[in-house]
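The values are calculated or read from the model by the stated rules, or taken from the named source; none is laboratory data. Just so it is clear, the structure is predicted and the values come from calculations on it, not from any experiment. Glycine gets a Cβ as well: all are built from the backbone with ideal geometry, and neighbour counts include every protein chain shown.
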C-alpha cells in the first residue's frame, strides 16, 4: 500500500509496508545461551528463569509466543518469557538446554519463525 503526501509537503512520497500479525517473516542471526548463574532470576514476564525449560528472550515477539528456532538440521520450539537480547548483533537468547539441543553452548547462528 502506498500513501501519497499532499503536494505542499516538502517530503517525498514514501511507500509503506504494513504487516499484519500473521505475516511475520523468518529472521536469522546470532543466538546466545543464558549463563547458568541466571537461574531463578525474574524475567521480564515475571516468571523465574529455569535453565532446564525451553524458553527464550526476544525483543519483539509477545510473551507466551511460541518460536521455532533452527540451527542447521536441528530445531526446537521455545516460549518467549523475557525481553532481549540487548547485545548488538544478537537476535535471541536461549536457555542452556535449548542451546545444547541446537548444538552450541555459547553463540550460534539460528533462524527464527513464529508458529
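Here are the numbers:
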read-out	value
Unmet criterion (only one of (1) surrounded by 16 or more Cβ atoms within 10 Å (Cβ to Cβ); (2) under 18 Å from residue 115 (Cα atoms)) for residue 34	(2)
Subset of the stretch 72-90 that is in contact with a helix residue (DSSP H, G or I) (Cβ under 7 Å, 6 or more places away or on another chain) and surrounded by 19 or more Cβ atoms within 10 Å (Cβ to Cβ) - its residue that is farthest from residue 41 (Cα to Cα)	76
Check on residue 101, touching a strand residue (DSSP E or B) at 6+ places or on another chain (Cβ under 6 Å) and either surrounded by fewer than 16 Cβ atoms within 10 Å (Cβ to Cβ) or farther than 19 Å from residue 48 by Cα (or both)	yes
Breaking point among (1) crowded, with 16+ Cβ neighbours inside 10 Å; (2) without any contact (Cβ under 8 Å) to a residue 40 or more places away in the chain, for residue 112	(2)
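A quick yes/no check of all residues on (1) farther than 24 Å from residue 68 by Cβ; (2) in contact with a strand residue (DSSP E or B) (Cβ under 9 Å, 6 or more places away or on another chain); (3) at pLDDT below 80:
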| site | (1), (2), (3) |
| --- | --- |
| 6 | yes, no, yes |
| 9 | yes, no, yes |
| 16 | yes, yes, yes |
| 20 | no, no, yes |
| 27 | no, yes, no |
| 42 | yes, yes, no |
| 49 | no, yes, no |
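Residue by residue, here is whether (1) in contact (Cβ under 8 Å) with a residue 12 or more places away in the chain; (2) assigned to a loop (DSSP other than H, G, I, E, B); (3) under 14 Å from the mean Cα position of the chain (by Cα) holds:
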position	(1), (2), (3)
30	yes, no, yes
40	no, yes, no
46	no, yes, no
52	yes, yes, no
63	yes, yes, yes
68	yes, no, yes
75	yes, no, no
88	no, yes, yes
